[in-house]
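Q: Shown below is the structure under consideration.
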Amino acid sequence: MKRSSLFLLSALLCLLSVGRTAVAADTAVRRPNFIFVISDDQRWDALGVVQKEQGEKARFPWFESPAMDRLAAEGVRFRNAFVTLSLCSPSRAAFLTGQYSHLNGVRKNNRGLSGQAVTHATLLRAAGYRTAYFGKWHMRHQRERPGFDYSASFIGQGVYQDCPFEIQGTNTPTQGWVDDVSTTLAIDWIRTHHDQPFSLVLGFKSPHNRRGGENLPDRLRDLYADETSQPAPNMKTLPIFDAPGPAGSLTPHRFVANEAHLTYFRHIKGIDENLGRLLAALDAHGLSEDTVVVFTSDNGYFLGEHNAGDKRALYEESLRIPMLVRYPRLFKPGRVVDGMVLNVDLAPTFLDLAGLPVPESMHGRSWKPLAAGRTPDTWRTSFVAHYYKELGPTPTCVALRTADSKLVVYPGHPEWTEVFDLAADPYEMQNLASGTTLREALRKELDTRMSEIALDMPRR
């Protein structure tokens with residue numbers, strides 16, 4: 001029997017037993033609700049609180065995000081949050097399953113998540129939670145939402161204006177800006193289902209596909225009209241694979257102009273407004289104290305760094321994401337955590353906070369102790385990231401990222417190997433691969449970390 005099938009069988013048998021006990025005890029102790037809010041392509045520093053923190057180094061100092069900043073002030077902000085594969089579908093699958101893409105099967109954007117996949121929703125539902133999914137799913141043209149007993153979502157990328165939704169399998173027309181609609185549907189569901197512990201995912205379409213004002217509601221189209229983004233130090237530092245070679249030059253998406261930057265942040269302002277609506281709904285129903293709210297993104301995004309746009313690479317701007325969590329019952333407000341957390345950690349964390357066992361087949365770890373102010377001695381000091389060539393020029397690559405350094409390996413192209421001292425060179429401008437000591441040490445650790453998650457070096 002395949003490992004995934006064994007995992008599914010053992011996990012569900014375990015959870016059915018645990019679920020019966022948990023439901024019986026629920027009248028005495030209220031288990032937390034969970035709300036997971038995920039934006040699309042939002043970089044780690046696209047938060048007002050981060051821009052303020054960066055001071056003179058801020059690229060977008062005019063950007064404000066009061067709802068996101070509220071979460072940071074009332075909860076925990078992880079300053080070193082990362083995805084394990086910087087691409088929409090693989091990252092979303094990793095959040096749901098707690099697994100790297102080579103195990104959950106979603107390596108590229110043209111893959112759907114198996115209907116038999118075990119997600120955090122699957123296990124929470126087995127333990128007595130109501131589970132619901134709203135908004136963007138984005139795994140191919142998939143209609144299933146594994147583990148969720150309610151769904152009001154759209155297929156594929158959807159559209160920004162008047163997007164058709166599938167609500168419990170029925171195609172339903174909607175009116176208005178898609179992220180407004182998704183939020184309204186989620187708030188309406190909470191209004192009628194908050195008498196029992198619930199786990200809800202809200203997927204925003206923004207800030208993906210920012211092609212002009214027609215993708216924005218009228219209230220946002222002229223926002224930041226007089227603002228200018230600041231240049232990054234590494235805007236002229238090309239990716240190492242962007243040099244002429246035997247197969248010719250590989251050229252990434254070129255630098256995005258300032259107007260596109262402004263449109264990008266207009267979209268994020270819109271989802272910040274909707275996050276504010278969601279938090280207000282929790283307040284109105286007296287749910288804020290008992291609800292774990294997590295806000296994050298499926299991957300980072302280049303806004304000119306390495307003379308690039310898009311993601312699909314293993315540089316910092318692509319791998320790093322915002323990560324905010326609020327749970328007043330357990331996490332003190334205003335905490336900042338520097339320990340490295342990953343998208344695969346979300347599912348184990350939700351299960352841990354619900355008092356449920358975390359299956360061994362999940363690669364991630366619960367960051368509950370970090371958010372509570374304690375860093376275990378065994379917490380990770382490095383992690384593996386990878387990318388499988390898809391659209392665009394970026395070749396297949398694997399990286400080891402430690403607290404202060406990075407190794408990037410390109411299968412079939414040892415001459416492209418990159419080594420960065422992130423403490424001295426946070427913008428990854430000086431490749432130290434010719435220095436053998438650091439390179440060899442990082443390669444040894446990469447092999448160890450890959451072995452731990454049963455990841456073979458992919459082919460080019």
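The values are calculated or read from the model by the stated rules, or taken from the named source; none is laboratory data. These numbers were taken from a predicted model, which means no experiment stands behind them. So basically every Cβ, Gly included, is an ideal-geometry build from the backbone, and we count neighbours across all protein chains shown.
Q: What are the pairs with Cβ atoms under 7 angstrom where one residue, in the stretch 218-230, is on the phi < 0 side of the Ramachandran plot and the other, located anywhere, is basic (Lys, Arg)? Sequence gap at least six, or different chains.
A: Listed by first residue and then by second, the contacts come to LEU220/ARG266; LEU220/LYS269; LEU223/ARG266; LEU223/LYS269; SER229/ARG59; GLN230/ARG59.
Q: Going through the stretch 392-418 one residue at a time, which ones are β-branched (Val, Ile, Thr) and within 19 Å of VAL83 (Cα to Cα)?
A: Start the filter on the stretch 392-418 by keeping residues that are β-branched (Val, Ile, Thr), which leaves 394, 396, 398, 402, 408-409, 417.
Residues satisfying the conditions are THR394, THR396, VAL398, THR402, VAL408, VAL409.
Q: Quick check: is even one residue across the stretch 177-192 over 30 Å from LEU124 (Cα atoms) and modelled with pLDDT of 90 or more? Walk me through it before giving the result.
A: Start the filter on the stretch 177-192 by keeping residues that are over 30 Å from LEU124 (Cα atoms), which leaves 177.
If we keep only those that are modelled with pLDDT of 90 or more too, we end up with 177.
Yes, the stretch 177-192 contains at least one residue that is over 30 Å from LEU124 (Cα atoms) and modelled with pLDDT of 90 or more.
Q: Hey, among the residues in the stretch 260-306 that are assigned to a helix (DSSP H, G or I) and among the small types (Gly, Ala, Ser), which one's farthest from LYS332 (Cα to Cα)?
A: Pass one, the stretch 260-306, residues assigned to a helix (DSSP H, G or I): 260-284, 288-290, 305-306.
Now narrow it down to the ones that are among the small types (Gly, Ala, Ser): 260, 270, 276, 280-281, 284, 288.
Numbers: ALA260: 37, GLY270: 28, GLY276: 20, ALA280: 20, ALA281: 22, ALA284: 22, SER288: 14 Å.
Going through the qualifying residues, I end up with ALA260.
Q: If you don't mind, another one. State whether one or more residues within the stretch 227-242 are surrounded by fewer than 22 Cβ atoms within 10 Å (Cβ to Cβ), among the acidic types (Asp, Glu) and within 30 Å of PRO414 (Cβ to Cβ). Spell out the reasoning first.
A: We begin by selecting, within the stretch 227-242, every residue surrounded by fewer than 22 Cβ atoms within 10 Å (Cβ to Cβ); these are 227-228, 230-238, 240-242.
This time we only want the ones that are among the acidic types (Asp, Glu), so: 227, 242.
Keeping just the survivors that are within 30 Å of PRO414 (Cβ to Cβ) gives 242.
Looking for residues that are surrounded by fewer than 22 Cβ atoms within 10 Å (Cβ to Cβ), among the acidic types (Asp, Glu) and within 30 Å of PRO414 (Cβ to Cβ), one finds at least one in the stretch 227-242, hence yes.
Q: Counting just the residues of the stretch 249-259 that are assigned to a loop (DSSP other than H, G, I, E, B) and within 26 Å of TRP177 (Cα to Cα), which one comes out modelled with the highest pLDDT?
A: Taking the stretch 249-259 and keeping what is assigned to a loop (DSSP other than H, G, I, E, B), we get 249-257.
Subsequent filtering for residues that are within 26 Å of TRP177 (Cα to Cα) retains 256-257.
Values: VAL256: 51, ALA257: 67.
This residue is ALA257.
Q: Give the residue, chosen from ASN274, ASN307, ASN343, that is polar (S, T, N, Q), on the phi > 0 side of the Ramachandran plot and either modelled with pLDDT of 95 or more or in contact with a helix residue (DSSP H, G or I) (Cβ under 9 Å, 6 or more places away or on another chain) (or both).
A: Working: ASN274 fails: on the phi > 0 side of the Ramachandran plot; ASN343 fails: on the phi > 0 side of the Ramachandran plot.
That would be ASN307, the only listed residue that is polar (S, T, N, Q), on the phi > 0 side of the Ramachandran plot and either modelled with pLDDT of 95 or more or in contact with a helix residue (DSSP H, G or I) (Cβ under 9 Å, 6 or more places away or on another chain) (or both).
Q: If ALA308 meets every condition in (1) in contact with a His (Cβ under 7 Å, 6 or more places away or on another chain); (2) farther than 16 Å from GLY392 by Cβ apart from one, which number is that one?
A: Among (1) in contact with a His (Cβ under 7 Å, 6 or more places away or on another chain); (2) farther than 16 Å from GLY392 by Cβ, the lone unmet condition for ALA308 is (2).
Q: Across the stretch 193-240, what is the total count of residues that are over 22 Å from the mean Cα position of the chain (by Cα), among the hydroxyl-bearing types (Ser, Thr, Tyr) and at pLDDT 95 or above? Write out each step before concluding.
A: As a first pass, look at the stretch 193-240 and keep what is over 22 Å from the mean Cα position of the chain (by Cα): 193-197, 211-240.
Keeping just the survivors that are among the hydroxyl-bearing types (Ser, Thr, Tyr) gives 224, 228-229, 237.
Still in the list and also at pLDDT 95 or above: 224.
The number of residues fulfilling the criteria is 1.
Q: Residues in the stretch 85-108: is at least one under 27 Å from SER451 (Cα atoms), among the aromatic types (Phe, Trp, Tyr) and buried (at least 17 other Cβ atoms within 10 Å of the Cβ)?
A: Taking every residue of the stretch 85-108 in turn, at least one turns out to be under 27 Å from SER451 (Cα atoms), among the aromatic types (Phe, Trp, Tyr) and buried (at least 17 other Cβ atoms within 10 Å of the Cβ).
Q: I'm checking my understanding of the structure. Among residues of the stretch 12-60 that are in a loop (DSSP other than H, G, I, E, B) and surrounded by fewer than 13 Cβ atoms within 10 Å (Cβ to Cβ), which one is modelled with the lowest pLDDT?
A: Here the answer is THR27.
Q: Just checking: which of the strands (runs of 3 or more DSSP E) contained wholly in the stretch 111-207 hold 3 or more residues that are crowded, with 18+ Cβ neighbours inside 10 Å?
A: It comes to 130-136, 150-154, 198-203.
Q: Could I ask something else about it? Starting from the stretch 85-99, keep only residues that are on the phi > 0 side of the Ramachandran plot and of a type outside the set (S, T, N, Q), then list their pairs with residues that are surrounded by fewer than 24 Cβ atoms within 10 Å (Cβ to Cβ) and not in a loop (DSSP other than H, G, I, E, B) whose Cβ atoms are within a distance under 8 Å, requiring at least 6 positions of separation or different chains.
A: Pairs found: GLY98/PRO348.
Q: Okay, moving on. For the stretch 431-443: of the residues being under 28 Å from the mean Cα position of the chain (by Cα) and free of Cβ contacts under 8 Å to residues at least 60 places away in the same chain, which is surrounded by the fewest Cβ atoms within 10 Å (Cβ to Cβ)? Steps first, answer last, please.
A: Kept after step one, since they are under 28 Å from the mean Cα position of the chain (by Cα), are these residues of the stretch 431-443: 431, 442-443.
Filter once more, keeping what is free of Cβ contacts under 8 Å to residues at least 60 places away in the same chain: 442-443.
Numbers: LEU442: 25, ARG443: 16.
For the stretch 431-443, the residue satisfying everything is ARG443.
Q: How many of the residues making up the stretch 130-172 are farther than 19 Å from LEU185 by Cβ and in contact with a Phe, Trp or Tyr (Cβ under 6 Å, 6 or more places away or on another chain)?
A: Of the residues in that region, 0 qualify.
Q: Right, something else. Return the total of residues in the stretch 312-328 being more than 14 Å from VAL398 (Cα to Cα) and not acidic (Asp, Glu).
A: Residues of the stretch 312-328 more than 14 Å from VAL398 (Cα to Cα): 317, 320-328.
From the residues that got through so far, the ones that are not acidic (Asp, Glu) too are 320-328.
Residues that pass the stated criteria total 9.
Q: Out of the residues in the stretch 90-110 that are in a loop (DSSP other than H, G, I, E, B) and of a type in the set (Gly, Ala, Ser), state the one that is nearest to TRP367 (Cα to Cα).
A: Start the filter on the stretch 90-110 by keeping residues that are in a loop (DSSP other than H, G, I, E, B), which leaves 98-100, 105-110.
Applying the additional criterion that residues be of a type in the set (Gly, Ala, Ser) yields 98, 105.
Numbers: GLY98: 12, GLY105: 24 Å.
Step by step, filter the stretch 90-110, then rank; the result is GLY98.
Q: Count, please, the residues in the stretch 208-226 that happen to be assigned to a helix (DSSP H, G or I) and closer than 24 Å to LYS311 by Cβ.
A: Let us first name the residues in the stretch 208-226 that are assigned to a helix (DSSP H, G or I), namely 213-215, 218-220.
Restricting the remaining residues to those that are closer than 24 Å to LYS311 by Cβ gives 213-215, 220.
Looking only at that region, the number is 4.
Q: In this structure, is PRO246 outside any helix (DSSP H, G or I) and at pLDDT below 90? Break it down stepwise before answering.
A: Numbers: outside any helix (DSSP H, G or I): yes; at pLDDT below 90: yes.
In short, yes.
Q: Hey, another quick one. If I ask for residues that are aliphatic (A, V, I, L, M) and either part of a strand (DSSP E or B) or in contact with a Pro (Cβ under 9 Å, 6 or more places away or on another chain) (or both), which ones from the stretch 73-89 would you list?
A: Restricting attention to the stretch 73-89, the residues satisfying the condition of being aliphatic (A, V, I, L, M) are 73, 76, 81, 83, 85, 87.
Within the stretch 73-89, ALA73, VAL76, ALA81, VAL83 meet the criteria.
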